[in-house]
Amino acid sequence: MSNTNAVNTTIYKYHPDQDGFYGPFGGAYIPEMLHANVAELQEVYLSIIQEPGFKQEFDELLRDYVGRPSPLYLAKKLSAKYNANIYLKREDLNHTGAHKINNTIGQILLAKRLKKKRIIAETGAGQHGVATATVCALMGLECFVYMGAVDIERQAPNVARMKMLGATVIPAVSGSKTLKDATNEAIRDWINNAENTHYIIGSAIGPHPYPDMVTRFQSVISEEIKWQLQQKTGKDHPDYLVACVGGGSNAAGAFYHYLHDDRVQLILAEAAGLGIDSGESAATSILGTEGIIHGCMTLLMQTDDGQIVEPYSLSAGLDYPGIGPMHAHLITSKRAKVHAATDDEAMQAVIELSKEEGIIPALETAHALAILDRLDLSKEDNVVVCLSGRGDKDLNTFITYLEERNGK
Amino acid sequence: MGNNSIREKISAANGRALNVYFTAGYPTIKSIAELIRSLEDAGADLIELGMPYSDPLADGITIQNSSKIALENGLNLKILFEHIAEARKTTSIPIIMMGYFNQLLQFGVEDFLKLAANNGVAGMIIPDLPMNIYERDYKSLFEKYDLSISFLISPMTSDERIKQADRLSSGFIYVVSQSSITGKKGEISEAQKSYFDRIESMNLKSPRLIGFGIHDRKSFDTACTYSDGAIVGSAFIRALANSEDISKTTHSFIQTIK
Ligand SMILES: Cc1ncc(COP(=O)(O)O)c(C=O)c1O
């Protein structure tokens, strides 16, 4: 596994091929107006991110600016409750409060090498928007963030943060006014400003090379888990690796170094919203079928006529009708297993982690915690949960939920 | 029908072919056949019939909104083909269907092409279907059903890809006038003119129609001096927005352009 350049499809079957396909999923289904930009990225991304100078700058920023490595914490009370060793990979402790910044640091360094002057991004929960606004402030680049009008309301603190950081937040008012619609608007902006703009996609989605590029930037998560687990347990791998999945960037980063290690069970947690069969859900892989969304072939929620279905989740970051193509491949080839947690189950998990471990997780992250009781765990099992972000941004949602539950 | 009908029409138009886009099901489902008939009567040379999509990535707000209304009206592909069949009883203007690839994929690409051909459709425009995937997986199906395809090029498209589009397009080359989504207004700039010149000097074998931002007589005339004709879309949708009489609106709109 040491030579990551040699993409040999028979050994590395969960890495993309030359055209960005993970099995039948992936590729680049984009209008011609984006071809030059996407082709440029396809051509240069690997050589740029493997350059020693790039790697050094990336590693230094992750260490000194983001605060990496993020701790791997043995949560004792959770462990007692679930009868296994539950380790939390603390991405919530990163600068800006989530895993998203691993990717934005990488992409801003890439954008500078491509001499792009203007940065755009989409955001759901606002964590990727904040992480993009942050690196743009750091590098002095102009920043425009598209965000669904519904999400602007439910993630208000992150909107305020983006503005303080100097970014312009543009509401997306089409469709269900959430992450899918923000992504549509960002892609349209990119078409209109193709020459001077780099689009920092925030998840492991989009046309090739984005899913692989974002995954590689996020793979610092599994790289650290490896040595941290070795130190703590004497083994460099867990038995279970659990992550929530919206588009799938924190999951992809947490899985990366274990994709081809069959000793590790890969577990994804999707957002069931009000329930998988309620019609108000974002359980994409369970409800989805093969098709194209935002430039890649993957699993998505759609009608028989190929119209994309508006998803629903209380959690803005998981409220997306598609899933990254690597995950679609992992799921359909049975390498990864999916569970879905409802809004209520996720809220219970927020309350539990807050009270039991003194950590308030993001609502997205809570979906990963909420499905721990579905795993068939035994006392010796080592479980790593990717704690993708912290819950500060969700306080309003939490307070409203608790007030309603207490009958106020 | 098929490939030849489009090229014959363009060549008969003597460098001023007018291709008019409208979103099927907008303003109403009933208007589909009436619009096809009116456009033929009013002197359009080709029709680009948009299949409304929930997430039209290459389209501006006008076509987005018309698509949304068309879907709310209950249009789906099955109903659309019924209305095309109805219109075909009394019209012969070549119809080119424009849609996003996911729509064909879910319908079944071969089922779709077969129905399109059986209902007298002449060709397809699928902006997010990559040329190499078309060539590898679908070209033979298009040939089997005698349907043309027209690929897009933009100011950022390399000469090599323009040649590929020329080789693979059996309808026309869709010259996107600027790097943008649909619906921009404003005059055609010098930079655009030199891009049109560059394409013209490549001596491509396919006819070329310029589209995106063509919205009035002036922009149509300018586009025609650099190509075999032009495509008007959002401007026609905007005209339909306030229409009380589809046929009248169509006739007076075409008169303002051609
Ligand atoms: C804290 C947190 N976790 C998870 C996600 C979901 O994204 P992904 O699936 O790309 O990790 C988000 C997205 O906004 C997030 O903010």
Tell me which residues come under 5 Å, amide H to amide H, from B:ILE149 once H is placed; ignore anything under 5 positions away on its chain. B:MET124, B:SER170, B:GLY171
Taking Cβ-Cβ under 4.7 Å as the only way to count a partner, pick out the unpartnered cysteines of the protein assembly as shown. A:CYS244, A:CYS296, A:CYS386, B:CYS224
Expected output for segment B:117-148, residues with a loss of 20 Å² or more in accessible area relative to the chain alone at probe 1.4 Å, reads B:PRO127, B:ASP128, B:PRO130, B:ILE133
Could you give me the ³J(HN,Hα) list for segment B:234-248, computed from phi with Karplus coefficients 6.51, -1.76, 1.60 and θ = phi - 60°, whole Hz, x at Gly and Pro? 4, 4, 5, 4, 5, 5, 6, 4, 9, 7, 9, 9, 4, 5, 4
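Tell me whether chain B comes out rounded, prolate or oblate; compute the Cα gyration tensor, take square roots of the eigenvalues as a ≥ b ≥ c, and use a/c under 1.5 as the rounded threshold.
On the way: a/c = 1.44, a/b = 1.10, b/c = 1.32.
Because its axes are fairly even, with a/c under 1.5, chain B counts as rounded.
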Using a 10 angstrom cutoff on alpha carbons, build the Gaussian network for chain A and name the most mobile of A:VAL173, A:VAL159, A:VAL145. A:VAL173
Approximate spin-label separation A:THR168-B:MET202, in nm, with each point projected 7 Å along Cα-to-Cβ: 3.2
Just the number please: accessible area per residue for segment B:2-257, 1.4 Å probe, all protein chains included, in Å². 37
When chain A is treated as a GNM, springs tying every alpha-carbon pair under 10 Å, which of A:ASN94, A:ASN250, A:ASN196 comes out with the largest mean-square fluctuation? A:ASN196
Given the whole protein assembly as supplied and a 1.4 Å probe, what does the accessible area of A:VAL350 come to in Å², nearest 10? 10
Residue by residue through segment B:184-197, the couplings from Karplus 6.51 cos²θ - 1.76 cosθ + 1.60 with θ = phi - 60°, in Hz, x for Gly and Pro, are 5, 9, x, 7, 7, 7, 4, 4, 5, 4, 6, 5, 4, 4
Hey, can you find the accessible area per residue of chain A for me, probe 1.4 Å, expressed in square angstrom? 35
Roughly how many Å is it from the Cα centre of segment A:257-275 to that of segment A:37-85, as a whole number? 18
Amide H within-cut-off set for A:VAL169, under 5 Å, with H built and near neighbours excluded: A:VAL145
If amide H atoms are modeled at 1.01 Å from N in the peptide plane, then the residues at a separation of 5 or more from A:GLU142, or on another chain, having amide H under 5 Å from its own are A:ILE119
In nm, spacing of pseudo-spin labels at A:VAL44 and A:THR289 (7 Å Cα→C-beta vector): 4.1
Tell me which lysines have Cα within less than 17 Å of B:LYS184's Cα, excluding those fewer than 8 residues away on the same chain? B:LYS193, B:LYS218
Pick out which of B:ARG208, B:ARG88, B:ARG217 has the largest mean-square fluctuation in a Gaussian network model of chain B, springs linking Cα atoms closer than 10 Å. B:ARG217
Shape call for the protein assembly as shown, from the Cα gyration tensor axes a ≥ b ≥ c (a/c under 1.5 means rounded, otherwise prolate when a/b beats b/c, else oblate), comes out prolate
Separation between Cα centres of segment B:120-159 and segment A:304-381, rounded to whole Å: 39
Taking beta carbons within 10 Å but only from partner chains, what does the mean come to for residues A:308-317? 1
Please identify every one of the GluC sites (Glu not before Pro) in segment B:156-194 that sits in a loop by DSSP and has no more than 15 other beta carbons within 10 Å of its own beta carbon. B:GLU187
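In debye, nearest 20, what is the charge dipole magnitude of chain B about its Cα centre with +1 on Lys and Arg Cβ and -1 on Asp and Glu Cβ, if you could check? The partial results should precede the final answer.
Numbers: 27 positive and 30 negative charges, 46 e Å.
Using Cβ point charges on Lys, Arg, Asp and Glu, chain B gives about 220 debye.
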Give me a comma-separated list of calculated 3J(HN,Hα) values for segment A:254-264, in order, Karplus coefficients 6.51, -1.76, 1.60 applied at θ = phi - 60°, integers in Hz, x for any Gly or Pro. 6, 7, 3, 6, 10, 4, 9, 10, 5, 6, 9
Got the relative contact order for chain B handy, in percent, Cα pairs under 8 Å and 6 or more residues apart? 25
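What FRET efficiency comes out for the pair B:SER252/B:ILE61, r = Cβ-Cβ distance, R0 = 30 Å, nearest 0.05?
Details: r = 24 Å, r/R0 = 0.79.
Plugging the Cβ-Cβ distance into 1/(1 + (r/R0)^6) gives 0.80.
Carbon and sulfur atoms: what percent of the 1.4 Å accessible area of chain A do they account for? Could you put the intermediate results ahead of the total?
Details: 7340 of 14480 Å².
C and S atoms contribute 51 percent here.
The values are calculated or read from the model by the stated rules, or taken from the named source; none is laboratory data. In this text, all values refer to a predicted model and were calculated from it rather than measured experimentally. Every residue, glycine among them, receives a Cβ derived from its backbone with ideal geometry; neighbour counts consider all protein chains shown. Accessible surface is based on the protein model in full, side chains and every heavy atom, while ligands, DNA and RNA are left aside. Shrake-Rupley method; radii C 1.70, N 1.55, O 1.52, S 1.80 Å.
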